[in-house]
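Since the structure comes first, as structure tokens, the remarks are kept for the end.
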Amino acid sequence: MQKIRKAIIPAAGLGTRMLPISHAVPKEMLPIVDMPAISYLVEEAVKSGIEEILVITNRDKDAMENFFDLNVEYDTTLTAKGKLEEAERLRGIANMANVYFLRQRETKGLGHAVGRARSFVGDEPFIVMYGDDIIFSEVPVCRQLAEVYEKYGRPVVGVKPVTPEQLRKYSSLKVDPTDTERVTFCTDMIEKPKPGCEFSNLSILGRVLLTPDVFDIIDALEPGAGGEYQLTDAMAKMARADGIYALEFEGERFDMGSKLGFLTANITKGLAHPETAEGLREYILELARTLK
Ligand code: UTP
């Protein structure tokens, strides 16, 4: 079985749910304590053994590229002032992984964004990490998906049971059990199902492992839900043809493209960060006493 070495992070979306901030600051650059959301994705990929990462970006999102570059002025100034730990931390970010950037040019949907990565991917299986889905887990989710791929040799999508309201905003999968716990066999799926069109309460959340045959399917896509080229429609074709696998992954997922996801991710990480844990805990306990 081919090793999973490459990941794509589509991060070119307009982030309309996070307006007004997102028109000036890419939602992928919103902080979780002191690190931008996208750095958690890169870290997860690296911890999963991924060697090459392509971020799909757009003309207003240069801040992402700058974050993974070495800032020589900071490096020189911090070193001169003896702030060696801080300088080392910034160098560590610049050396974290081979991160490449490619502009989508037109925001035509997630499927279209992934389609831009065909020559980067070549003929290898690869992972797509949805740019606004941050997942905190013991075993990085990309690794969890790779393990299922190593067993079955077919595409694998990361799923969770969701509420009926969420199902309508995400996707719904038709699945049958397999002999592996938390792994199901998926034979169809639908993006943003209307009431009555759902298959199950399982939705794809943030991570999918695909094989390169998806690119021909993406190239032949018609616009789907919301008039966008939907990656779900391409994966549905694969599911209907030969079946794919779905893994109910272990981990807590935060939608950084939503205001509530942004706030809860910060509280969760803030309660674990050595500089903020104690103060934030005291603040929350005090605040909770005043809440009804
Ligand atoms: P979303 O639908 O969650 O992102 O796409 P969005 O379009 O930015 O969000 P809203 O609804 O306007 O708030 C899932 C992922 O796909 C990327 C997004 O950046 C996000 O990480 N995406 C989406 C692209 O890269 N290109 C697109 O054309 C659309």
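Every read-out reported here was derived from the displayed coordinates using simple, explicitly stated rules and does not represent laboratory data. Everything numeric here is computed off the predicted structure, so don't read it as measured data. Here the Cβ positions follow ideal geometry from the backbone for every residue, glycine too, while neighbour counts run over all protein chains shown.
For the stretch 222-252, which residues satisfy the criterion of being within 18 Å of Asp132 (Cβ to Cβ), surrounded by fewer than 19 Cβ atoms within 10 Å (Cβ to Cβ) and within 16 Å of the ligand (Cβ to nearest atom)?
Those that are within 18 Å of Asp132 (Cβ to Cβ), surrounded by fewer than 19 Cβ atoms within 10 Å (Cβ to Cβ) and within 16 Å of the ligand (Cβ to nearest atom): Ala225, Gly226.
When Val72 is evaluated against the numbered criteria (1) among the β-branched types (Val, Ile, Thr); (2) in contact with a helix residue (DSSP H, G or I) (Cβ under 9 Å, 6 or more places away or on another chain); (3) more than 13 Å from the ligand (Cβ to nearest atom), which criterion, by number, is the only one it fails?
For Val72, the failing item is (2).
Any idea which residue in the stretch 253-273 is nearest to Glu198 (Cα to Cα), counting only those that are touching a Leu at 6+ places or on another chain (Cβ under 7 Å) and within 12 Å of the ligand (Cβ to nearest atom)?
Among those residues, the one meeting the criterion is Met256.
What are the residue pairs meeting all of these: first residue in the stretch 121-136, first residue on the phi > 0 side of the Ramachandran plot, second residue among the small types (Gly, Ala, Ser) and outside any strand (DSSP E or B), Cβ atoms under 6 Å, and 6 or more apart or on different chains?
none
Could you list, in sequence order, the residues of the stretch 190-228 that are in a strand (DSSP E or B) and closer than 14 Å to Arg154 by Cβ?
So in the stretch 190-228, the residues in a strand (DSSP E or B) come out as 190-191, 202-210.
Within the stretch 190-228, Val208, Leu209, Leu210 qualify.
Can you tell me how many residues within the stretch 240-292 are of a type in the set (D, E, K, R) and touching a Phe, Trp or Tyr at 6+ places or on another chain (Cβ under 6 Å)?
The first filter runs over the stretch 240-292 and keeps only residues of a type in the set (D, E, K, R), leaving 240, 242, 248, 250, 252-253, 255, 259, 269, 275, 278, 281-282, 286, 289, 292.
Adding the requirement that they be touching a Phe, Trp or Tyr at 6+ places or on another chain (Cβ under 6 Å) leaves 252.
Total meeting the criteria: 1.
Can you tell me how many residues in the stretch 48-69 are free of Cβ contacts under 8 Å to residues at least 60 places away in the same chain, over 22 Å from His112 (Cβ atoms) and out of contact with any strand residue (DSSP E or B) (no Cβ under 7 Å at 6 or more places or on another chain)? Break it down into steps so the answer makes sense when it comes.
Taking the stretch 48-69 as the starting set, the residues that turn out to be free of Cβ contacts under 8 Å to residues at least 60 places away in the same chain are 51, 53, 57-69.
Filter once more, so that each one left must be over 22 Å from His112 (Cβ atoms): 51, 63, 66-69.
Keeping just the survivors that are out of contact with any strand residue (DSSP E or B) (no Cβ under 7 Å at 6 or more places or on another chain) gives 63, 66, 69.
The number of residues fulfilling the criteria is 3.
In the stretch 1-39, what residues are crowded, with 23+ Cβ neighbours inside 10 Å and within 8 Å of the ligand (Cβ to nearest atom)?
Matches in the stretch 1-39: Ile9, Pro10, Ala11, Ala12, Gly13, Lys27, Glu28.
Among the residues of the stretch 152-159, are any in a helix (DSSP H, G or I) and either more than 20 Å from the chain's Cα centre (by Cα) or under 14 Å from Leu210 (Cα atoms) (or both)?
Filtering the stretch 152-159 down to residues in a helix (DSSP H, G or I) leaves 152.
Restricting the remaining residues to those that are either more than 20 Å from the chain's Cα centre (by Cα) or under 14 Å from Leu210 (Cα atoms) (or both) gives 152.
Taking every residue of the stretch 152-159 in turn, at least one turns out to be in a helix (DSSP H, G or I) and either more than 20 Å from the chain's Cα centre (by Cα) or under 14 Å from Leu210 (Cα atoms) (or both).
Answer yes or no: is there a residue in the stretch 160-176 that is touching a strand residue (DSSP E or B) at 6+ places or on another chain (Cβ under 7 Å), more than 19 Å from Gly243 (Cβ to Cβ) and among the basic types (Lys, Arg).
Among the residues of the stretch 160-176, at least one is touching a strand residue (DSSP E or B) at 6+ places or on another chain (Cβ under 7 Å), more than 19 Å from Gly243 (Cβ to Cβ) and among the basic types (Lys, Arg), which makes the answer yes.
For the stretch 276-292, which residues satisfy the criterion of being part of a loop (DSSP other than H, G, I, E, B) and either within 19 Å of the chain's Cα centre (by Cα) or in contact (Cβ under 8 Å) with a residue 12 or more places away in the chain (or both)? Steps first, please.
Going residue by residue through the stretch 276-292, those that are part of a loop (DSSP other than H, G, I, E, B) are 276, 291-292.
Hit for the stretch 276-292 is Thr276, nothing else.
Looking only at the stretch 131-161, count every residue that is within 16 Å of the ligand (Cβ to nearest atom), closer than 13 Å to Leu41 by Cα and of a type outside the set (A, V, I, L, M) and tell me the total. Step through it out loud before you land on a result.
So the first thing to find is which residues in the stretch 131-161 are within 16 Å of the ligand (Cβ to nearest atom), and the list is 131-135, 141-142, 157-160.
If we keep only those that are closer than 13 Å to Leu41 by Cα too, we end up with 131-135, 141-142.
Remaining after also requiring of a type outside the set (A, V, I, L, M): 131-133, 142.
So the answer is 4.
Looking at the structure I just gave you, is Ile56 crowded, with 17+ Cβ neighbours inside 10 Å, part of a helix (DSSP H, G or I) and within 13 Å of the ligand (Cβ to nearest atom)?
no
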